[in-house]
Amino acid sequence: MNKEILLKFIAKAHRNTYAATKEIKLKYQCKTPILPEHKDYDFIDGDWRYHDSYAGISWAPGREVVFFKNKPVWSMSYQGQTINALSKEFIDEIFEFLKKALRKFTNEIPFRGLHGFEECDFKYSFTFKGDYSYFIGKESILYKGKVVFFQDVMATLIR
């Protein structure tokens, strides 16, 4: 598996799915999810395909899988939650900020957002150990210095 080509495709898929602007992501959101009560995105570019599927809102585990010529080659799972006792309006604000953060990534690390991204009173953090072939990471959003959302992330090549 060519690292640069894989990372370039992951970046392109992420720019067009969950975190993308509404107009763009609607093109790739599946009308019928694979599993009941899930939201799915499917992005295809030549021999490459990316599929993201998650369930829930404030506690929303999911998984992304990249396929090359219909064979799974890379996967990333994520699960986490917002801190309890938050209003729906504030949770919506958190996830709007998360989407902005997820659009801020480098092509070398296109998995999640750019560590340290800040806007207004929100700050995004993503740290991980490993590399694209296998890593374990932690994502969090702080509001006025306090954690309001966190997520565990892990990814691996598939052999």
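Solvent-free Debye calculation, one equal scatterer per alpha-carbon of the stretch 31-159: log10 I(q)/I(0) at 0.10, 0.11, 0.13, 0.20 Å⁻¹ equals -0.34, -0.41, -0.57, -1.26. A straight Cα-to-Cα reach below 14 Å connects K88 with the aspartates and glutamates E96, residues fewer than 8 places away in its own chain not being considered. Once C-alpha pairs closer than 8 Å and six or more residues apart are averaged by separation and normalised to the residue number of the stretch 5-93, the relative contact order reads 16 percent. Where only DSSP H runs of four or more residues are counted, the chain gives -7000 deg cm²/dmol as its mean residue ellipticity at 222 nm, each run worth -39500 (n - 2.57). In terms of distances greater than 23 angstrom between alpha carbons, the cross-link table entries K8/K144; K31/K123; K71/K138; K104/K144; K104/K138 yield K8/K144; K31/K123; K71/K138.
Counting alpha carbon pairs within less than 8 Å and at least 6 residues apart, what relative contact order, in whole percent, applies to the chain?
Values: 310 pairs, mean separation 28.3, N = 159.
Computed over the chain, the figure is 18 percent.
Values in this text are rule-based calculations from the coordinates and carry no lab data. Quantities reported herein were computed from a predicted structural model and do not represent experimental measurements.
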